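Accompanying notes for the structure given below.
The values are calculated or read from the model by the stated rules, or taken from the named source; none is laboratory data. Values in this document were obtained by computation on a predicted structure and should not be read as measured data. With ideal geometry, Cβ positions are generated from the backbone for all residues, glycine too; neighbour counts draw on all protein chains shown.
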Amino acid sequence: MKTLILCLDRDDDLGRKAGVASPVIGRSANIEAATKLAIADPADSDVNTIFGGIEEYDRLTGLGIDAEIVSMAGDRDVGVVSDNKIASQMDDLMSEYAFDNVTLVSDGAEDESVLPIVQSRLAVNSVKRIRVKQSESIEGTYYLLKEFLSDPKVRGALFIPIGLACIAYAASSLVGRPELAVAAIIGSVGAYLLYSGYGVGESIERHRESATESLYRGKIGFVTYLAAILIGVIATVQGANACWEGLTSEIFPGYLLLSMIFVQASVWWYVAAGVSLGFGKIVDLHLDRRVIGRAWAFPFSVVAIGLLLWGASAYILAATGEYTG
(Lines give C-alpha, C1' and ligand atoms only; values in the text may rest on other atoms or scores of the structure.)
Protein backbone atom coordinates (compact mmCIF):
# COMPACT_ATOMS: atom_id res chain seq x y z
CA MET A 1 0.00 0.00 0.00
CA LYS A 2 1.27 3.43 -0.94
CA THR A 3 0.42 6.50 1.12
CA LEU A 4 0.14 10.00 -0.31
CA ILE A 5 1.16 12.82 2.03
CA LEU A 6 -0.71 15.80 0.63
CA CYS A 7 0.19 19.35 1.64
CA LEU A 8 -2.47 21.85 0.59
CA ASP A 9 -2.09 25.53 -0.23
CA ARG A 10 -5.57 26.58 -1.31
CA ASP A 11 -4.76 30.23 -2.06
CA ASP A 12 -1.58 29.48 -4.08
CA ASP A 13 1.01 31.17 -1.90
CA LEU A 14 3.58 28.88 -3.51
CA GLY A 15 2.89 30.22 -6.95
CA ARG A 16 2.20 33.86 -6.09
CA LYS A 17 5.04 34.43 -3.64
CA ALA A 18 7.70 31.87 -4.50
CA GLY A 19 6.99 31.29 -8.20
CA VAL A 20 6.73 27.52 -7.68
CA ALA A 21 4.39 25.58 -9.95
CA SER A 22 2.33 22.81 -8.40
CA PRO A 23 2.04 19.95 -7.86
CA VAL A 24 5.43 19.65 -6.15
CA ILE A 25 6.32 15.95 -5.97
CA GLY A 26 9.06 14.39 -3.87
CA ARG A 27 10.95 15.19 -0.68
CA SER A 28 13.78 17.21 -2.19
CA ALA A 29 11.46 19.21 -4.46
CA ASN A 30 9.25 20.10 -1.47
CA ILE A 31 12.23 21.16 0.62
CA GLU A 32 13.32 23.46 -2.21
CA ALA A 33 9.78 24.85 -2.63
CA ALA A 34 9.38 25.45 1.12
CA THR A 35 12.76 27.20 1.24
CA LYS A 36 11.81 29.52 -1.62
CA LEU A 37 8.51 30.35 0.06
CA ALA A 38 10.26 30.96 3.40
CA ILE A 39 12.66 33.39 1.73
CA ALA A 40 9.80 35.17 -0.05
CA ASP A 41 7.58 35.35 3.06
CA PRO A 42 9.03 33.98 6.30
CA ALA A 43 5.70 34.51 8.11
CA ASP A 44 3.65 32.38 5.71
CA SER A 45 2.18 29.38 7.54
CA ASP A 46 2.30 27.26 4.37
CA VAL A 47 6.07 27.00 4.89
CA ASN A 48 5.42 25.10 8.08
CA THR A 49 2.75 23.00 6.35
CA ILE A 50 5.25 21.71 3.82
CA PHE A 51 7.91 21.04 6.45
CA GLY A 52 5.24 19.32 8.54
CA GLY A 53 4.47 17.11 5.55
CA ILE A 54 8.18 16.31 5.15
CA GLU A 55 8.33 15.36 8.83
CA GLU A 56 5.37 13.00 8.35
CA TYR A 57 6.99 11.56 5.20
CA ASP A 58 10.21 10.84 7.10
CA ARG A 59 8.26 9.24 9.94
CA LEU A 60 6.30 6.92 7.64
CA THR A 61 9.27 5.92 5.51
CA GLY A 62 11.22 5.27 8.71
CA LEU A 63 8.51 2.77 9.66
CA GLY A 64 8.94 1.05 6.31
CA ILE A 65 5.73 2.46 4.79
CA ASP A 66 5.79 3.26 1.09
CA ALA A 67 4.92 6.96 0.89
CA GLU A 68 5.27 10.01 -1.32
CA ILE A 69 4.88 13.69 -0.46
CA VAL A 70 3.08 16.08 -2.81
CA SER A 71 2.26 19.77 -2.34
CA MET A 72 -0.69 21.19 -4.27
CA ALA A 73 -1.66 24.83 -4.67
CA GLY A 74 -5.00 26.25 -5.75
CA ASP A 75 -5.59 29.81 -6.89
CA ARG A 76 -5.67 33.27 -5.30
CA ASP A 77 -9.36 33.32 -6.26
CA VAL A 78 -10.29 31.09 -3.33
CA GLY A 79 -13.48 29.14 -3.93
CA VAL A 80 -14.68 27.42 -7.07
CA VAL A 81 -11.63 28.43 -9.12
CA SER A 82 -9.04 27.24 -6.59
CA ASP A 83 -10.96 24.06 -5.77
CA ASN A 84 -11.32 23.16 -9.45
CA LYS A 85 -7.56 23.60 -9.87
CA ILE A 86 -6.84 21.30 -6.93
CA ALA A 87 -9.34 18.73 -8.22
CA SER A 88 -7.70 18.78 -11.65
CA GLN A 89 -4.26 18.25 -10.11
CA MET A 90 -5.61 15.37 -8.02
CA ASP A 91 -7.00 13.68 -11.13
CA ASP A 92 -3.70 14.09 -13.00
CA LEU A 93 -1.77 12.73 -10.01
CA MET A 94 -4.06 9.71 -9.67
CA SER A 95 -3.64 8.91 -13.34
CA GLU A 96 0.16 8.74 -12.96
CA TYR A 97 0.56 7.21 -9.49
CA ALA A 98 -1.26 4.41 -7.66
CA PHE A 99 -1.97 5.62 -4.14
CA ASP A 100 -4.12 3.67 -1.69
CA ASN A 101 -4.71 6.33 0.95
CA VAL A 102 -3.80 9.89 1.85
CA THR A 103 -2.65 11.85 4.87
CA LEU A 104 -3.75 15.46 4.57
CA VAL A 105 -1.46 18.16 5.98
CA SER A 106 -2.82 21.70 6.36
CA ASP A 107 -2.46 24.85 8.41
CA GLY A 108 -6.10 25.55 9.15
CA ALA A 109 -9.78 25.41 8.29
CA GLU A 110 -9.49 27.08 4.86
CA ASP A 111 -7.24 24.39 3.39
CA GLU A 112 -9.26 21.62 5.04
CA SER A 113 -12.44 22.83 3.31
CA VAL A 114 -11.24 20.95 0.19
CA LEU A 115 -11.25 17.70 2.13
CA PRO A 116 -14.36 16.41 0.26
CA ILE A 117 -12.46 16.78 -3.02
CA VAL A 118 -9.67 14.59 -1.68
CA GLN A 119 -12.04 12.09 -0.05
CA SER A 120 -13.90 11.56 -3.32
CA ARG A 121 -10.69 10.26 -4.87
CA LEU A 122 -8.75 8.59 -2.04
CA ALA A 123 -9.37 7.19 1.42
CA VAL A 124 -8.19 9.74 3.99
CA ASN A 125 -6.21 8.05 6.74
CA SER A 126 -5.64 11.14 8.85
CA VAL A 127 -5.58 14.92 8.85
CA LYS A 128 -2.52 16.61 10.32
CA ARG A 129 -2.97 20.26 11.20
CA ILE A 130 0.24 22.25 11.65
CA ARG A 131 -0.06 24.67 14.54
CA VAL A 132 2.29 27.65 14.51
CA LYS A 133 1.87 29.50 17.79
CA GLN A 134 -1.72 30.76 17.64
CA SER A 135 -2.03 31.21 13.88
CA GLU A 136 -4.19 28.10 13.46
CA SER A 137 -7.00 29.34 15.64
CA ILE A 138 -6.75 32.83 14.18
CA GLU A 139 -6.90 31.55 10.62
CA GLY A 140 -9.77 29.20 11.46
CA THR A 141 -11.80 32.01 13.01
CA TYR A 142 -11.00 34.37 10.15
CA TYR A 143 -12.01 31.78 7.57
CA LEU A 144 -15.32 31.05 9.30
CA LEU A 145 -16.13 34.76 9.53
CA LYS A 146 -15.19 35.29 5.89
CA GLU A 147 -17.39 32.41 4.77
CA PHE A 148 -20.25 33.67 6.95
CA LEU A 149 -20.08 37.20 5.58
CA SER A 150 -19.63 36.08 1.97
CA ASP A 151 -23.30 35.02 1.89
CA PRO A 152 -25.23 38.01 0.41
CA LYS A 153 -28.31 37.22 2.50
CA VAL A 154 -26.34 37.16 5.75
CA ARG A 155 -24.46 40.29 4.72
CA GLY A 156 -27.68 42.13 4.02
CA ALA A 157 -29.40 40.99 7.20
CA LEU A 158 -26.43 42.09 9.29
CA PHE A 159 -25.23 45.31 7.70
CA ILE A 160 -28.39 46.91 6.30
CA PRO A 161 -30.08 47.43 9.73
CA ILE A 162 -26.82 48.80 11.14
CA GLY A 163 -26.47 51.12 8.15
CA LEU A 164 -30.07 52.32 8.50
CA ALA A 165 -29.54 53.00 12.19
CA CYS A 166 -26.42 55.08 11.45
CA ILE A 167 -28.20 57.05 8.70
CA ALA A 168 -31.21 57.69 10.96
CA TYR A 169 -28.98 58.96 13.75
CA ALA A 170 -27.04 61.19 11.37
CA ALA A 171 -30.24 62.61 9.87
CA SER A 172 -31.66 63.36 13.34
CA SER A 173 -28.47 65.18 14.27
CA LEU A 174 -28.45 67.19 11.03
CA VAL A 175 -31.98 68.53 11.58
CA GLY A 176 -31.02 69.55 15.10
CA ARG A 177 -33.35 67.08 16.81
CA PRO A 178 -31.06 64.47 18.40
CA GLU A 179 -33.91 63.45 20.71
CA LEU A 180 -35.54 61.89 17.65
CA ALA A 181 -32.56 59.59 17.07
CA VAL A 182 -33.87 56.61 19.04
CA ALA A 183 -37.30 56.77 17.41
CA ALA A 184 -35.74 57.23 13.97
CA ILE A 185 -33.42 54.27 14.46
CA ILE A 186 -36.20 52.00 15.72
CA GLY A 187 -38.48 53.15 12.91
CA SER A 188 -35.85 52.61 10.19
CA VAL A 189 -34.86 49.18 11.43
CA GLY A 190 -38.51 48.24 11.93
CA ALA A 191 -39.38 49.34 8.40
CA TYR A 192 -36.53 47.22 7.03
CA LEU A 193 -37.66 44.18 9.01
CA LEU A 194 -41.21 44.60 7.69
CA TYR A 195 -39.80 45.11 4.19
CA SER A 196 -37.87 41.84 4.46
CA GLY A 197 -40.56 39.92 6.30
CA TYR A 198 -43.32 40.70 3.82
CA GLY A 199 -41.10 40.11 0.81
CA VAL A 200 -41.48 43.65 -0.54
CA GLY A 201 -38.17 43.30 -2.36
CA GLU A 202 -39.39 40.26 -4.27
CA SER A 203 -42.61 42.11 -5.17
CA ILE A 204 -40.62 45.09 -6.45
CA GLU A 205 -38.40 42.76 -8.47
CA ARG A 206 -41.47 41.15 -10.07
CA HIS A 207 -42.82 44.58 -10.99
CA ARG A 208 -39.42 45.56 -12.40
CA GLU A 209 -39.30 42.45 -14.57
CA SER A 210 -42.86 43.07 -15.70
CA ALA A 211 -42.00 46.69 -16.57
CA THR A 212 -38.93 45.58 -18.54
CA GLU A 213 -41.01 43.05 -20.45
CA SER A 214 -43.59 45.74 -21.16
CA LEU A 215 -40.87 48.04 -22.54
CA TYR A 216 -39.50 45.37 -24.87
CA ARG A 217 -42.96 44.39 -26.10
CA GLY A 218 -44.26 47.94 -26.42
CA LYS A 219 -47.00 47.53 -23.80
CA ILE A 220 -48.94 50.32 -22.15
CA GLY A 221 -47.91 48.83 -18.79
CA PHE A 222 -44.43 50.34 -19.04
CA VAL A 223 -45.86 53.84 -19.25
CA THR A 224 -48.15 53.26 -16.29
CA TYR A 225 -45.28 51.78 -14.27
CA LEU A 226 -43.24 54.93 -14.85
CA ALA A 227 -46.24 57.06 -13.97
CA ALA A 228 -46.76 55.09 -10.75
CA ILE A 229 -43.11 55.59 -9.75
CA LEU A 230 -43.28 59.35 -10.35
CA ILE A 231 -46.57 59.66 -8.48
CA GLY A 232 -45.13 57.63 -5.61
CA VAL A 233 -42.18 60.03 -5.40
CA ILE A 234 -44.57 62.99 -5.36
CA ALA A 235 -46.59 61.30 -2.60
CA THR A 236 -43.49 60.80 -0.46
CA VAL A 237 -42.39 64.42 -0.96
CA GLN A 238 -45.88 65.69 -0.08
CA GLY A 239 -45.99 63.63 3.07
CA ALA A 240 -42.45 64.60 4.07
CA ASN A 241 -43.20 68.31 3.57
CA ALA A 242 -46.29 68.05 5.75
CA CYS A 243 -44.32 66.23 8.46
CA TRP A 244 -41.54 68.82 8.27
CA GLU A 245 -44.03 71.56 9.11
CA GLY A 246 -45.00 69.58 12.19
CA LEU A 247 -41.38 68.98 13.17
CA THR A 248 -40.44 72.65 12.88
CA SER A 249 -43.46 73.93 14.81
CA GLU A 250 -43.00 75.31 18.31
CA ILE A 251 -44.90 72.40 19.89
CA PHE A 252 -43.87 68.90 18.85
CA PRO A 253 -47.12 67.11 17.82
CA GLY A 254 -45.92 63.59 18.64
CA TYR A 255 -45.08 60.62 16.47
CA LEU A 256 -48.66 59.39 16.04
CA LEU A 257 -49.87 62.74 14.77
CA LEU A 258 -46.85 63.04 12.50
CA SER A 259 -47.67 59.71 10.91
CA MET A 260 -51.31 60.78 10.48
CA ILE A 261 -50.19 64.07 8.93
CA PHE A 262 -48.03 62.10 6.49
CA VAL A 263 -50.93 59.82 5.56
CA GLN A 264 -53.36 62.71 5.17
CA ALA A 265 -51.02 64.57 2.83
CA SER A 266 -49.92 61.65 0.67
CA VAL A 267 -52.52 58.88 0.73
CA TRP A 268 -54.40 59.89 -2.43
CA TRP A 269 -51.16 60.24 -4.35
CA TYR A 270 -50.26 56.68 -3.37
CA VAL A 271 -53.77 55.58 -4.35
CA ALA A 272 -53.26 57.19 -7.76
CA ALA A 273 -49.98 55.31 -8.16
CA GLY A 274 -51.66 52.00 -7.29
CA VAL A 275 -54.56 52.66 -9.65
CA SER A 276 -52.07 53.49 -12.40
CA LEU A 277 -50.36 50.12 -11.91
CA GLY A 278 -53.67 48.29 -11.93
CA PHE A 279 -54.90 50.13 -15.01
CA GLY A 280 -51.76 49.28 -16.96
CA LYS A 281 -52.07 45.60 -16.03
CA ILE A 282 -55.72 45.48 -17.11
CA VAL A 283 -54.99 47.17 -20.45
CA ASP A 284 -52.09 44.79 -21.18
CA LEU A 285 -54.24 41.76 -20.40
CA HIS A 286 -56.99 43.09 -22.67
CA LEU A 287 -54.59 43.78 -25.55
CA ASP A 288 -53.10 40.28 -25.17
CA ARG A 289 -56.63 38.83 -25.27
CA ARG A 290 -56.10 37.21 -21.90
CA VAL A 291 -58.61 36.82 -19.10
CA ILE A 292 -58.53 39.88 -16.86
CA GLY A 293 -60.08 38.03 -13.93
CA ARG A 294 -58.92 39.20 -10.51
CA ALA A 295 -56.86 42.04 -12.00
CA TRP A 296 -59.99 44.17 -11.69
CA ALA A 297 -59.85 43.78 -7.93
CA PHE A 298 -56.47 45.48 -7.48
CA PRO A 299 -57.40 49.12 -8.27
CA PHE A 300 -60.63 48.87 -6.27
CA SER A 301 -58.73 47.40 -3.32
CA VAL A 302 -56.23 50.25 -3.48
CA VAL A 303 -59.02 52.83 -3.45
CA ALA A 304 -60.74 51.08 -0.54
CA ILE A 305 -57.51 50.99 1.49
CA GLY A 306 -56.93 54.66 0.66
CA LEU A 307 -60.39 55.56 1.92
CA LEU A 308 -59.80 53.71 5.17
CA LEU A 309 -56.42 55.35 5.77
CA TRP A 310 -57.69 58.79 4.84
CA GLY A 311 -60.76 58.46 7.05
CA ALA A 312 -58.79 57.17 10.02
CA SER A 313 -56.12 59.87 9.74
CA ALA A 314 -58.75 62.62 9.28
CA TYR A 315 -60.64 61.45 12.37
CA ILE A 316 -57.51 61.35 14.55
CA LEU A 317 -56.34 64.76 13.38
CA ALA A 318 -59.81 66.27 13.86
CA ALA A 319 -60.08 64.77 17.34
CA THR A 320 -56.78 66.40 18.35
CA GLY A 321 -57.53 69.71 16.72
CA GLU A 322 -54.84 69.34 14.04
CA TYR A 323 -57.15 68.79 11.06
CA THR A 324 -57.46 71.85 8.89
CA GLY A 325 -59.54 70.59 6.01
Look at region 50-70 and say how many of its residues are at negative phi and either at pLDDT below 90 or more than 41 Å from the chain's Cα centre (by Cα) (or both). 12
Identify, by number, the condition in (1) in contact with an Asp or Glu (Cβ under 8 Å, 6 or more places away or on another chain); (2) at pLDDT below 80 that Ile251 doesn't meet. (1)
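Given the criterion at pLDDT 80 or above, under 28 Å from Gly187 (Cα atoms) and surrounded by 13 or more Cβ atoms within 10 Å (Cβ to Cβ), identify the matching residue among Ile316, Ile282. Spell out how you get there, then give the answer.
On the way: Ile282 fails: under 28 Å from Gly187 (Cα atoms).
Result of the check over Ile316, Ile282: Ile316.
I'd like the residue in region 13-31 that is in a helix (DSSP H, G or I) and in contact with a strand residue (DSSP E or B) (Cβ under 8 Å, 6 or more places away or on another chain) and, out of all such residues, is modelled with the lowest pLDDT. If you could, list the steps in order and put the result at the bottom.
From region 13-31, those in a helix (DSSP H, G or I) are 13-18, 27-31; that's our starting set.
Add one more test, that the residue is in contact with a strand residue (DSSP E or B) (Cβ under 8 Å, 6 or more places away or on another chain), and what stays is 13-15, 27, 30.
Values: Asp13: 87, Leu14: 90, Gly15: 90, Arg27: 92, Asn30: 93.
Here the answer is Asp13.
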Hey, Arg206 hits all of (1) modelled with pLDDT of 70 or more; (2) over 30 Å from Leu317 (Cβ atoms) but one; which does it fall short on? (1)
Any residue that is of a type in the set (A, V, I, L, M, F, W, C), in a helix (DSSP H, G or I) and loosely packed, with under 15 Cβ neighbours inside 10 Å - is there at least one of those in region 38-61? yes
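Condition (residue is among the aliphatic types (A, V, I, L, M), assigned to a loop (DSSP other than H, G, I, E, B) and free of Cβ contacts under 8 Å to residues at least 40 places away in the same chain) applied to region 70-80: is it met by at least one residue? Lay out the reasoning, then the answer.
Of all residues in region 70-80, those among the aliphatic types (A, V, I, L, M) come to 70, 72-73, 78, 80.
Retained after the next criterion (residues that are assigned to a loop (DSSP other than H, G, I, E, B)): 78.
Then keep just the ones that are free of Cβ contacts under 8 Å to residues at least 40 places away in the same chain; that gives none.
The answer is no, given that none of the residues of region 70-80 is among the aliphatic types (A, V, I, L, M), assigned to a loop (DSSP other than H, G, I, E, B) and free of Cβ contacts under 8 Å to residues at least 40 places away in the same chain.
Could you please find all residues in region 14-30 being touching a Lys or Arg at 6+ places or on another chain (Cβ under 9 Å) and of a type in the set (D, E, K, R)?
Of the residues in region 14-30, the ones touching a Lys or Arg at 6+ places or on another chain (Cβ under 9 Å) are 14-20, 22.
Of everything in region 14-30, those that are touching a Lys or Arg at 6+ places or on another chain (Cβ under 9 Å) and of a type in the set (D, E, K, R) turn out to be Arg16, Lys17.
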